[in-house]
Amino acid sequence: MILLDCDLTQLRALAQETGQLAFRGDQLYRGLLAGLHVEEISTLPKAWAMQLRARCDADQGVTIERDWKSDKDGSRKFLYRLYDGNLIEGVWMPHAYGNTLCVSTQVGCRMNCAFCASGLDGLVRNLSAGEILGQIVAVNRDTRAQGLSPIDRVVLMGSGEPLDNYEQVTRFLTLAADPDGLGLSRRNVTLSTCGLADGIRRLADDGYTPTLTISLHASDDASRRKIMPIARKYSIAQVLDACKYYFDKTGRRIGFEYTVIDGVNASAAHAERLARLLRGMACHVNLIGLNVVAERDLRAAHARAIRVFEQRLSALGISCTVRRSMGSDIQGACGQLRRAHIAAQTERVES
Ligand code: SAH
């Protein structure tokens with residue numbers, strides 16, 4: 001068990017079970033969310049901190065292993081170590097409207113999209129809710145020490161498919177929104193999915209209302225199947241039906257991500273088909289330049305081609321923007337950094 005997996009009620013109960021008064025649970029909760037290890041929480045009795053340490057797998061669950069700062073845009077890439085030695089990664093992005101953290105939801109990923117580094121080795125394991133929350137907590141501690149303001153937007157766009165880890169991701173959504181905890185506004189948490197239609201409906205049915213964005217990346221099923229194996233399970237029509245269901249239940253506008261890949265989905269015909277698909281939906285399209293992954297044989301579309309694509313979509317009445325790419329000099333694309341680090345470790349061991 002990781003202490004950060006627990007909510008306040010559970011920590012109060014834990015305090016009482018271990019011979020303390022319930023308010024120790026409150027002190028523990030505050031300390032953990034400030035990124036402190038149990039021994040560092042000065043309000044706690046030392047003996048109890050040691051008892052907690054012995055009782056759980058970890059208190060924080062993730063620790064920052066290394067970080068890199070982009071010279072281009074001030075974004076930072078973090079490599080985190082989990083208590084069992086696994087590595088995950090994330091990107092912190094400063095914006096005029098607040099600081100955003102891109103978090104991972106799984107170690108690896110089983111979706112195996114053709115452009116993405118996260119799926120190259122398949123799924124290793126799911127992250128627990130506390131390990132997802134722990135990424136925010138660890139970065140807040142680090143940036144606070146530098147006088148920077150805490151994260152107020154979170155995007156579940158790191159490694160992993162959030163809806164393939166439904167239980168822990170929804171528990172994370174609840175923990176992150178806790179007004180006694182980080183108190184992140186639900187609107188400021190974006191869940192990005194490759195389009196698990198059943199999971200999208202389940203989110204709406206269960207009353208979760210993160211901002212939803214769909215990694216669409218194609219305007220027809222045949223093209224989508226070439227780059228996203230999940231397209232064999234759910235057609236675009238099924239994904240869009242689930243999006244309409246989500247919108248009807250939550251009133252939240254849906255985002256669509258569309259990575260523009262030369263020779264795959266960048267043509268005028270694709271833009272026109274995409275506009276037809278999305279016409280009349282309350283949505284916004286984010287066009288993304290492909291971050292080329294060495295192991296994957298795909299070419300990025302030229303910046304000019306992406307702008308033309310954007311203009312075409314806009315002219316056809318679809319709200320759309322080109323996503324400003326951050327961290328391209330620090331291996332910002334999903335899964336790249338973890339793989340590079342593991343490879344470097346292996347080389348060191350072998351040489
Ligand atoms: N599994 C979720 C979230 C992780 S991927 C999803 O599919 O949405 C987050 C976003 O980054 C997705 O839109 C994904 O398609 C995109 N992405 C992954 N690798 C990329 C790359 N090399 N270049 C550009 N975008 C990439």
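The values are calculated or read from the model by the stated rules, or taken from the named source; none is laboratory data. None of the values given here were measured: they were computed from a predicted structure. Please note: Cβ atoms are built from the backbone with ideal geometry, for glycine as well, and neighbour counts cover all protein chains shown. Just so you know, the surface numbers come from the protein's heavy atoms only, side chains and all, with ligands and any DNA or RNA stripped out. Shrake-Rupley method; radii C 1.70, N 1.55, O 1.52, S 1.80 Å.
For the chain, take the longest principal axis of its alpha carbons; what is the angle in degrees between that and the long axis of helix 303-315, to the nearest 10 within 0 to 90? Result, in degrees: 80. Highest-first packing order for the peptide set 17-23, 283-289, 88-94, 139-145 is 88-94, 283-289, 139-145, 17-23, based on the mean count of other beta carbon atoms within 10 Å.
Taking every DSSP bridge with both residues inside the chain, close to 45 percent are antiparallel. Please give me the summed charge of the neighbours of TYR208: other residues whose Cβ is under 13 Å from its Cβ, Lys and Arg +1, Asp and Glu -1. Spelling it out: positives minus negatives among the neighbours equals +4.
How charged is the neighbourhood of LEU278? Take every other residue with its Cβ under 12 Å from the Cβ of LEU278, and add Lys/Arg as +1 and Asp/Glu as -1. Show your work: numbers first, answer last.
Values: positive: LYS244, ARG253, ARG273, ARG276, ARG279; negative: GLU272.
Residues close to LEU278 contribute a combined charge of +4.
DSSP beta bridges fully contained in segment 26-126 are about 100 percent antiparallel.
Over segment 198-302, with the other protein chains present, what is the accessible area per residue in square angstrom, probe 1.4 angstrom?
On the way: 4640 Å² over 105 residues.
It amounts to 44 Å² per residue over segment 198-302.
Charging the Cβ of each Asp and Glu at -1 and of each Lys and Arg at +1, and nothing else, the dipole of the chain about its Cα centre rounds to 960 debye.
Going by a ≥ b ≥ c, the root eigenvalues of the Cα gyration tensor, does segment 64-163 fall in the rounded group (a/c under 1.5), the prolate group (a/b larger than b/c) or the oblate group?
Working: a/c = 1.90, a/b = 1.57, b/c = 1.21.
Because a/c hits 1.5 or more and a/b exceeds b/c, segment 64-163 counts as prolate.
Note on GLU39/ASP262: beta-carbon distance plugged into 1/(1 + (r/R0)^6) with R0 of 51 Å gives a FRET efficiency of 0.45.
The calculated FRET efficiency for the pair ALA222 and ASP198, based on their C-beta separation and a Förster distance of 22 Å, comes to about 0.45.
Helix 23-33 axis versus longest C-alpha principal axis of the chain: approximately 40°, rounded to the nearest ten. FRET efficiency for the pair THR18 and ARG279, taken as 1/(1 + (r/R0)^6) with r the Cβ-Cβ distance and R0 = 56 Å, rounds to 0.40.
Quick check: net charge around TYR83, other residues with Cβ under 10 Å of its Cβ, Lys/Arg +1 and Asp/Glu -1?
Spelling it out: positives minus negatives among the neighbours equals -3.
Sequence neighbours fewer than 8 away in the same chain don't count; with that in mind, list the lysines whose C-alpha is under 29 Å from LYS77. Filter leaves LYS69. Post the alpha-carbon centroid distance, segment 161-210 to segment 80-111, in whole angstrom. Cα centroid of segment 161-210 versus Cα centroid of segment 80-111: 16 Å apart.
Could you work out what % of the accessible surface of the chain is carbon and sulfur, using a 1.4 angstrom probe and leaving DNA, RNA and ligands out of the count? Could you put the intermediate results ahead of the total?
On the way: 7470 of 15360 Å².
Solvent-exposed carbon and sulfur of the chain make up 49 percent of the total.
Counting only alpha carbon atoms, the long axis of helix 46-55 and the longest principal axis of the chain meet at about 50°.
Accessible surface computed residue by residue for segment 79-169, with neighbouring protein chains in place and a 1.4 Å probe, gives 32 Å² per residue.
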